[in-house]
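Trainee: Have a look at the structure that comes next, please.
Only the coordinates and a few stated rules stand behind these numbers; no lab work does. Owing to the predicted nature of the structure, the values given are computational and were not obtained by experimental measurement. We place every Cβ from the backbone using ideal geometry, glycine too, and count neighbours over all the protein chains shown.
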2 protein chains.
Amino acid sequence: MSLKDVIRSIPDFPKKGIIFRDITTLLKDANAFKEAVDALYEHFKDRKIDKVVGIDARGFIFGGALAYKMGVGFVPIRKKGKLPWKKIEKEYSLEYGTASIEVHVDGIEKGENVIVIDDLLATGGTVEAAKSLVEELGGKIVGFGFVIELLELKGRELLKGYDVFSIVQY
Amino acid sequence: MSLKDVIRSIPDFPKKGIIFRDITTLLKDANAFKEAVDALYEHFKDRKIDKVVGIDARGFIFGGALAYKMGVGFVPIRKKGKLPWKKIEKEYSLEYGTASIEVHVDGIEKGENVIVIDDLLATGGTVEAAKSLVEELGGKIVGFGFVIELLELKGRELLKGYDVFSIVQY
């Protein structure tokens, strides 16, 4: 099976000219979902990992499954205003304006080895902000894992020097 | 280990008089996270399950891990406006006003056996709306699984006649 076959492409969403890659068709397919999580696992399994960080909200699905499979803890990075305790925040740029993501200050301990998971690497703005948060807490980023990478948006260039792994590329 | 020991209680969040039960301290603890997912798995493992439905956003973490462990597909129920394809919507009451959740119409096929997962059963408003969405698509709900149940809010009463399982009760 190619995972591309179970990713739905939706033209003109969220606006004209954009092709949205919809992973709900992958998720609902038991074999495809397993294959995606296993591919992330295979890529990182020989590294020492202490925590899987997942980015709100689709990163939670793959990140939660991967943390479980690896037998490590899971740390959510959330959109601003969702976390209830002491946290740090990082702003990132959107097409118009900015947004922020947050992480609890006790989510990661100094020196812990971390992988950061999201469903999609596009421009890389969100994941670069996630990287800053993890490193501000003293975490060491072992790598980034994505289900989909949109090559033409060059998000990978914001993560130079890191292990950036994606399963499917467009 | 008691999972209660790794759930953080935060007084007066999101407002005075409420004790917020914070599961990020459970999630980051590898053993506790595994124990929670395994408890959900043990409860449902002898039933025939076709899909795990997880509710946006914390339900994605446990639901994603559980679907992976069970070897079945995962279906996200999302807050309004997040899903890109054909969907149905259900409104539910909040303390002030209403909100809506949505599911793709092809997320569940008629007659499929479904469990619905969220981190928390409180008043039950969201999960009752999720129940309606699953049943409108023809899914048969085998049960509901939660990490935490707030007994005094009696959410369980909205789910009468169903198997409602929670790991930790307050």
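Trainee: Looking only at other chains, what is the average number of their beta-carbon atoms within 10 angstrom of each beta-carbon in B:28-39?
Mentor: The per-residue average across the peptide is 4.
Trainee: Under a Cβ-only charge scheme (Lys and Arg +1, Asp and Glu -1), can you give me the dipole magnitude of chain B about the Cα centre, in debye to the nearest 20?
Mentor: 240
Trainee: While we're here: Where the centre of each part is set by its Cα atoms, how far does the stretch B:15-90 sit from the stretch A:106-142, in angstrom?
Mentor: Their Cα centres are 22 Å away from one another.
Trainee: OK, next. Helix-only mean residue ellipticity at 222 nm, the protein assembly as shown, DSSP H runs n ≥ 4 weighted -39,500 (n - 2.57), per residue, nearest 500. What is it?
Mentor: Using -39500 (n - 2.57) per qualifying helix, the result is -8000 deg cm²/dmol.
Trainee: Something else about it: Considering Cα pairs under 8 angstrom that are at least six residues apart, work out the relative contact order of the stretch A:33-170 and quote it in whole percent.
Mentor: 23
Trainee: Cut-off is 10 Å between beta-carbons; in what order do A:K160, A:K34, B:K51 appear when sorted fewest neighbours first?
Mentor: Result, fewest neighbours first: A:K160, A:K34, B:K51.
Trainee: Hey, in the GNM for chain B with a 10 angstrom Cα cutoff, which one of B:K90, B:K154, B:K15 fluctuates hardest?
Mentor: Evaluated over chain B, the most mobile residue of the options is B:K15.
Trainee: While we're on this one: Amide H to amide H under 5 Å from B:G54: which residues, 5+ apart in sequence or cross-chain, H placed 1.01 Å off N in plane?
Mentor: B:V75, B:I77, B:I117
Trainee: Ok, one more. Among all helices in chain A defined by DSSP H, which have a length of 18 Å or more along the axis from Cα atoms plus a Kyte-Doolittle mean of at least -1.0?
Mentor: Qualifying helices: A:30-44, A:58-70.
Trainee: Now for a different question. Please average, across the residues of A:70-83, the number of beta carbons from any other chain that are within 10 Å of each residue's own beta carbon, and give a whole number.
Mentor: Other-chain Cβ atoms within 10 Å of each residue's Cβ, averaged: 4.
Trainee: Say R0 is 22 Å: what FRET efficiency, to the nearest 0.05, do A:D12 and A:Y96 get from their beta-carbon distance?
Mentor: That pair, A:D12 with A:Y96, gives E of 0.75.
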